[in-house]
Amino acid sequence: MSVEQYSVPVEAMKVFQEGIMNNPLHKNLQEDLKSVVHLLKYEGGDFPKIPINWRFCESISALKGLEASMINILNKKKHNAEPQSILINTDHANLFYMSVVLWKIDTDESQLNAMAVYDPTKRQEFSKLFPDQLFHSNENSIYQTACKNIYKTK
């Protein structure tokens, strides 16, 4: 009995085909996508470079594949341009996760970054720009923030 090795690029293509392209909710996209899907390729290591649950790398890669495919379709319709080949590197897609902590706001007074939310000295300045909409919460800790919005709700 052979054991099939897990591969992020293979799984990303499966997510794209089964979760997006063949999804019955996307019936109006299916014909257009079928005309360009042969141009979509995924490359990268078999395993994610950053250990993240939720099949994050595969999902982001599939969404980037949809984005690039739609650009091909729109270019064809608007400019009559031939669709281009698309190569998505799943190793790079995995780094998309890190983009949520790389932002910086440069105000006249100071520079705020993602950690400003947890720094009591900068939290007030951050709250002036982005008022806290959580009316029933005390100062958010990093643990409270990490577990928000992960459970299905009404």
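Nothing in this text is a laboratory measurement; each read-out follows from the coordinates by a stated rule. A quick note: this is a predicted structure, and the numbers were derived from the prediction, not measured.
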Residue-wise HN-Hα coupling along the stretch 54-68, computed from phi with Karplus coefficients 6.51, -1.76, 1.60 (Hz; x: Gly, Pro): 6, 6, 4, 4, 5, 5, 4, 4, 5, 5, 5, x, 5, 4, 5
Long-range HN-HN contacts of L40 with modeled amide H, under 5 Å: I86
Distance histogram for the stretch 1-93 (every C-alpha pair counted, 10 angstrom bins, percent rounded to whole numbers): 17, 45, 28, 9, 1, 0
Of all the C-alpha pairs in the stretch 8-55, what % are more than 11 Å from each other? 72 percent
